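Notes for the one structure printed next.
The values are calculated or read from the model by the stated rules, or taken from the named source; none is laboratory data. These numbers come from a predicted model, not from an experiment. Using ideal geometry, Cβ is built from the backbone for each residue, glycine included, and neighbour counts are taken over all protein chains shown.
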Amino acid sequence: MNLLELKNISKIYGDVKALQNINLSVGQGEWIAIMGPSGSGKTTMMNIIGCMDKPSIGSVILDGTDISKESSKKLTALRRDKIGLIFQQFHLINYLTALENVMAAQYYHSIQDEKEALEALSRVGLADRAKHLPSQLSGGEQQRVCIARALINYPMLILADEPTGNLDEANEAIVLDIFKSLHKEGSAIVVVTHDPEVAQESERTVILEHGKISKIKDNNKSEALC
Amino acid sequence: MKMKRYAFYLKMVTSSLIRRRSRMFVALLAVAVGATILSGLITIYYDIPRQMGKEFRSYGANLIFIPSEDKSYMDADSLKKAVSYLSPDDIVGVTPYRYKTVKINEQPFMAAGADLAQAAKTSPFWYVSGRWPQKEGEALIGQEVADIIRLNAGSQFFITGMTANNKPFKRGFTVSGIVQTGGSEEAFIFMSLADFENMAGGDNAIDIAECSVSVSAAELDRVSKIINENVEGVTARPVKRISESEGTVLKKLQSLVYLVTVVILLLTMICVATTMMAAVAERRREIGLKKALGATNAAIVAEFIGEDVFLGIFGGLLGAAFGFVFAQAVSINVFARSITFQPLLAPITVFASIIITAAACFIPVRRAAEIDPAIVLRGE
Amino acid sequence: MFFRMVKGALLRQKAKMAMIAFTVALGASLATAMINVMLDAGDKVNRELKTYGANINVIPKGASLLNDIYGVGEGSGVSDKYLKESELGNIKTIFWAFNIVDFAPYLETPAKLKNGSAINLAGTWFSHHLELPTGESLDTGMISMKKWWDVQGQWLSDGDTDELMAGTAFARQNNLKIGDRIDIISVNKTYSFKVKGIFNSGSQEDLRAYVPLAKAQEMSGRNGLVSRVEVSALTTPDNELSRRAAQNPNSLSIKEWETWYCTAYVSAICYQIDEVMTDSVSKPIRQVAQSEGAILEKTELLMLLITILSLAGAALGISNLVTASVMERSSEIGLLKAMGAYDIHISLLVLTEIAITGMIGAAAGYFAGIGFAQIIGRSVFDSAINIKPAVIPLVAFLVFVVIIAGSIPAIRFLLALKPAEVLHGR
């Protein structure tokens, strides 16, 4: 069974069709990149995959649950349990330390465990920065805290929105390395990005144009037309 | 090691308070100002009848004791007994008076023996040019007497008359001062009770006693009734003009302060509420993030309420303290008297502050929590 | 461009600006209401204090004051000096005529009962309609002067000729009930009166009986004469100047004299009454006049302090919100700085926005404040609060100062920000 299945979904805001008839499935442990120019519907698609929005038409099945029929309360619970979010702007809570930011995700999920949170931080190489506030961390470090936070509840799917958009090359490499090892361990990853180099690392690249999937590229083999 | 859930909750709340110091200070200030106004005004409101009541005593006696109808005078003991029915804290002064018609240069006048130290308290409106009698043989004369027999402060005069036992007497007095009241007292000659007894004889016999008590008209009526039933030979009569009018004016004053208090409190609460709302609006992005991390609406509301409870407690405590200081300053400036601290007011202020801050946040937080996290995270 | 930015900020951040305007409006309404109430409270309380009765006694020159309070009436009999009834209207024409609330004339009438015992009988106005030389008219008399009296039966009216009002003590002594008749002999003629009302005044007046003034004049044969007048006037608390003037008005310099004459001191009003009534001496009844002064002073001081408190509260509330809402805009301002805006531009931009919003709020608040003041006036004193236009500039000034004072710390905070920090996360 696929982890995530988008079945013929459309999202319409007034007269604007942000997404039209999208069909996509993501298997367990698969790494997918979504690319496309601005306004192509990337954000809308990411919101729908991340259970932060519902499609106007069609159904979204996440781990066997059709989220397009659930209440917003249920969506919150699904997001909490199954998805780890990584943002371009990192979005850390500025009055909590790196460690506490990771623990906040545990807090909303279930029980917080400081040791586990520390392990997550050391995994992204930030064990020694655990007691620092976001304002005392560099951009790359903040992004790594954000990743540690996304990992802490063992999500089935990691959803990253331009994770390297605000980072320099060195930090980009670190983040990509973390993604690679996560992929190796069997996490499913969906990355929304502008950067072909980042997309190149994934197994499949989905290219969006004007709210439609124009192309799906298999990065290990040759191009396949949709 | 595993942490208890509420422990992390507390940690988040306190971190938010401490690490966002400058913002929280603004909110705390708003709460503290609101609480100061609340506790200050309530203290003043409750203290006004007491303070103003004392002020109204400058109108003089509001209760007089006269002999019962079948008697011509009261004895000092029954007067003492009558006075004992009044609470000593409320009594401003009790002045016993004795009267006798006497003659100066063969012209008739009214001489009054009085406890002059008390008279100065029961009749604070007397205007004395010169001074009150202090030594034996000194007398305070009314303006009218002074005009008729042309006396000044320091002048000597002789009083003649008949004692209680019908023996003639003649005694010399020195004018210590001249009293103006605009009333009938201006036709009297006042002297100490001791001088009066030496001159006219008759011990412990009192014609009338004026009493100035700071209690309400209703209470005065009630006490009078009790005295009239229980003390023989003394009739207590409230001076209606004073007691009733005092009631009317005090009621108006209190309702004035009451309304003003309500208006100020209302506006202050709204001010506190708008400040809190602004503080919430500022944190919409944070709310969106927490939602994206999987926080339920209830968890977000609980965090804000937690912060507000802390703000309410600290702001309320500060406010209770400053409010007392303020009320004290008002009381000392206006009435030259200090007020007693109402211990109950502190918890009430703190409680009210918590309720107001929490209520002020509840609606905007609820609204913010309903927002789609996606919009908040993406749209800057 | 500057104004386009201001306009944009005002119109596109409607909710935020509305909140600032709303808070400013609240503060301004509070200030308006409190200042107006404070300025008028003295006057209102002064009127309330009139329930204490007259504070000025007018008697003929050379006449002795009153029968004494405790009824031991020797030494001050009924004198043969009188005031003219026809001159009473003049009291309402003096410089401080507006401050004369009520007055009532009295004519003590020698009278006795059939058994020969003397009684205290006086004629007075109950509710007398008076046409003034100025063309105005007023109704005055005992009914409005002695509001604290507890009356059983009814008040007399000035037209009654064979009815009287008796004090409780008078009625008890003579075994009178409402509706009973009593025969009174005055100057060898016997008059029969029906008791229309019995009053309890809680004072020596309870020993008296009252008839209409005209009747008393007829009985005693003193047409057009009164023996004294009680006046109830709104006065200003005494100070050093008025005390010196009360001793001797001639001791004042011309300037001091003018100040005194044109201030509603009780001594000045007495002086002015003496000017319009032939051979009269007006004396302040110190018990009332003095105490009124004390209470008025306290009330005004109290209101002043409460007003200061509420203004301080409003000021802090407004500046708090302004501070909070300016700080909130750190990222926008960081961007402006990054784009090369000078500090002065940013400060002006923020100040202009806030000032425009604040002034709109203040205008709305002013009118709301007048409403609040009237609610207070109506419910406490049953009369409208006198709205003083001088409050407008005062409130405008206060609001302006508060807004600026509230913005400055926030603006300083914003200017201290480094644009890079603001734009790259917090």
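Descriptive notes on the structure:
- Condition met for C:T352 (more than 13 Å from every other protein chain (Cβ to nearest Cβ), modelled with pLDDT of 80 or more and part of a loop (DSSP other than H, G, I, E, B)): no
- Annotation note: of C:S347, C:S383, the sole residue that is hydroxyl-bearing (S, T, Y) and part of a loop (DSSP other than H, G, I, E, B) is C:S383.
- Residue check, B:S176 within 13 Å of chain C (Cβ to nearest Cβ) and farther than 30 Å from B:K81 by Cα: no
- Total residues in segment A:107-118, condition touching a Phe, Trp or Tyr at 6+ places or on another chain (Cβ under 8 Å) and in a helix (DSSP H, G or I): 1
- Any hit, segment B:78-100, residues being assigned by TED's automatic domain parsing to the domain that holds B:N166, farther than 24 Å from B:A200 by Cβ and more than 27 Å from the chain's Cα centre (by Cα): yes
- Test: residue in segment B:141-164 that is under 30 Å from the mean Cα position of the chain (by Cα), assigned to a strand (DSSP E or B) and within 30 Å of C:E292 (Cα to Cα): no
- The condition of being modelled with pLDDT under 85 and surrounded by 16 or more Cβ atoms within 10 Å (Cβ to Cβ) holds for only one of B:T235, B:T181, that being B:T181.
- Any hit, segment B:207-214, residues being facing chain C (nearest Cβ under 7 Å) and touching a helix residue (DSSP H, G or I) at 6+ places or on another chain (Cβ under 7 Å): no
- Every pair of residues 6+ apart whose Cβ atoms lie under 9 Å, when the first sits in segment A:84-104 and is more than 8 Å from chain B (Cβ to nearest Cβ) while the second is assigned to a strand (DSSP E or B) and small (G, A, S): A:G84/A:A160; A:I86/A:A160; A:Q88/A:A160
- Considering (1) over 30 Å from C:I408 (Cα atoms); (2) at the interface with chain B (Cβ under 7 Å from one of its Cβ atoms); (3) not aromatic (F, W, Y), the lone condition that C:L309 does not fulfil carries the number (1).
- Restricting segment A:158-169 to residues that are of a type in the set (A, V, I, L, M) and surrounded by fewer than 24 Cβ atoms within 10 Å (Cβ to Cβ), the residue that is modelled with the lowest pLDDT is A:L167.
- Number of positions in segment A:108-126 that are at the interface with chain B (Cβ under 7 Å from one of its Cβ atoms), over 18 Å from A:L159 (Cβ atoms) and either surrounded by fewer than 24 Cβ atoms within 10 Å (Cβ to Cβ) or in contact with a Gly (Cβ under 6 Å, 6 or more places away or on another chain) (or both): 4
- Output for segment B:187-205, where each listed residue is within 14 Å of chain C (Cβ to nearest Cβ) and modelled with pLDDT of 85 or more: B:F188, B:I189, B:F190
- Being more than 21 Å from C:V58 (Cβ to Cβ), of a type in the set (A, V, I, L, M, F, W, C) and buried (at least 22 other Cβ atoms within 10 Å of the Cβ) holds for only one residue in C:L311, C:L302, C:L241, and it is C:L302.
- When segment C:102-119 is filtered for residues that are at negative phi and surrounded by fewer than 19 Cβ atoms within 10 Å (Cβ to Cβ), the ones remaining, listed by number, are C:P110, C:K112, C:L113, C:K114, C:N115, C:S117, C:A118.
- Any chance C:S201 is over 27 Å from C:S282 (Cα atoms), at pLDDT below 90 and surrounded by 12 or more Cβ atoms within 10 Å (Cβ to Cβ): no
- Residue in segment C:378-399 that is surrounded by fewer than 23 Cβ atoms within 10 Å (Cβ to Cβ), in contact (Cβ under 8 Å) with a residue 12 or more places away in the chain, over 27 Å from the mean Cα position of the chain (by Cα) and closer than 26 Å to C:R329 by Cβ present: no
- Test set (1) among the hydroxyl-bearing types (S, T, Y); (2) within 13 Å of another protein chain (Cβ to nearest Cβ); (3) out of contact with any helix residue (DSSP H, G or I) (no Cβ under 9 Å at 6 or more places or on another chain) - A:S135 fails condition number: (3)
- Set C:E230, C:E297: member being within 14 Å of chain B (Cβ to nearest Cβ) and surrounded by fewer than 20 Cβ atoms within 10 Å (Cβ to Cβ): C:E297
- Contacts under 7 angstrom Cβ, first residue in segment B:235-248 being without any contact (Cβ under 8 Å) to a residue 40 or more places away in the chain and more than 7 Å from chain C (Cβ to nearest Cβ), partner surrounded by fewer than 23 Cβ atoms within 10 Å (Cβ to Cβ) and in a helix (DSSP H, G or I), 6 or more apart: B:G247/B:A217
- In the set (1) assigned to a helix (DSSP H, G or I); (2) under 23 Å from A:G50 (Cα atoms); (3) of a type outside the set (F, W, Y), A:A173 fails one condition alone, (2).
- Being buried (at least 23 other Cβ atoms within 10 Å of the Cβ) and among the aliphatic types (A, V, I, L, M) is a property that A:A173 lacks.
- Filter result (closer than 25 Å to A:N2 by Cβ, hydroxyl-bearing (S, T, Y) and either in contact with a Gly (Cβ under 9 Å, 6 or more places away or on another chain) or buried (at least 23 other Cβ atoms within 10 Å of the Cβ) (or both)) within segment A:53-103: A:S68, A:T76
- Residue pairs whose Cβ atoms lie under 8 Å apart, sitting 6 or more positions apart in sequence or on different chains, and linking a residue in segment B:318-335 that is in a helix (DSSP H, G or I) to a partner that is surrounded by fewer than 24 Cβ atoms within 10 Å (Cβ to Cβ) and of a type in the set (F, W, Y), are B:F324/B:F341.
- Taking segment B:1-109 and the helices (runs of 4 or more DSSP H) fully enclosed by it, the elements with 1 or more residues that are more than 14 Å from chain A (Cβ to nearest Cβ) and of a type in the set (V, I, T) are at B:21-56, B:76-83.
- A single member of A:D128, A:D81 is in contact (Cβ under 8 Å) with a residue 60 or more places away in the chain and in a helix (DSSP H, G or I), and it is A:D81.
- Matching option when the condition is under 29 Å from A:G41 (Cα atoms) and hydrophobic (A, V, I, L, M, F, W, C), among A:A188, A:A127: A:A188
- Residue match in segment C:64-80 (condition: within 30 Å of B:A217 (Cβ to Cβ), in a loop (DSSP other than H, G, I, E, B), at pLDDT below 85 and of a type in the set (G, A, S)): yes
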